[in-house]
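The numbers here are math on the coordinates, done by the rules we state, and not lab data. Keep in mind the model is a prediction, meaning the values are calculated, not measured. Every residue, glycine among them, receives a Cβ derived from its backbone with ideal geometry; neighbour counts consider all protein chains shown.
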Amino acid sequence: MDLGLKGKRVLVSGASRGIGRAIVELFLQEGARVEFCARGQGGVERATAAFGDQAFGTAVDVTDAQQVTQWVSAAAERMGGLDIVVPNVSALAGGEDLETWQRAFETDLLGSAAMVKAALPALRDSQAASIVLISSVSGREVDMFADPVNWFGRC
């Protein structure tokens, strides 16, 4: 398949396994160069070894905006710019306590916002600038994370 991604410079977070890893693999199959991050160094190293020399991985905590900004800047410099940014992280947090809500907010929303904000200067210089935000089915379907009865009990 040719999606017109050959030579594109791509940034993907949460990419050492699961959906993020599949995203990186597809971009690589299409001839893109990819910089990716994940929380754990071990996962980054294993994914880097599997991806080959067109992908470069870094361990980054996306809840730390300074780490995200440094990673995005370094990645854009290494690749000579950015064309596509894919924030793909989630705390996968569900529960009734406020700490769980805080963790989900910091990871899912603020982590993605920090990544996009840091990438905007490089994206403005791209002829193919794209931002792909990954969401959850919970936005349209009631599940264990979206059902308040599971959290707070019956009124």
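Numbers below:
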| quantity | calculated |
| --- | --- |
| Helix axis angle, 111-124 relative to the chain longest principal axis, alpha carbon, degrees | 30 |
| Value of [θ]222 nm, deg cm²/dmol, for the chain, DSSP H segments ≥ 4, -39500 (n - 2.57) each, nearest 500 | -12500 deg cm²/dmol |
| Excluding exposed DSSP-loop GluC sites (Glu not before Pro) (at most 15 other C-beta within 10 Å), longest clean stretch of the chain | 1-95 |
| Label-point separation, Q29 to D53 (7 Å along Cα→Cβ), nm | 2.3 |
| Amide H within-cut-off set for S130, under 5 Å, with H built and near neighbours excluded | I84, V85 |
| The chain: angle of helix 41-51 to the longest principal axis, Cα-based, in degrees nearest 10 | 50 |
| Length-normalised contact order of the range 9-152 in % [C-alpha pairs under 8 Å, at least 6 apart] | 23 |
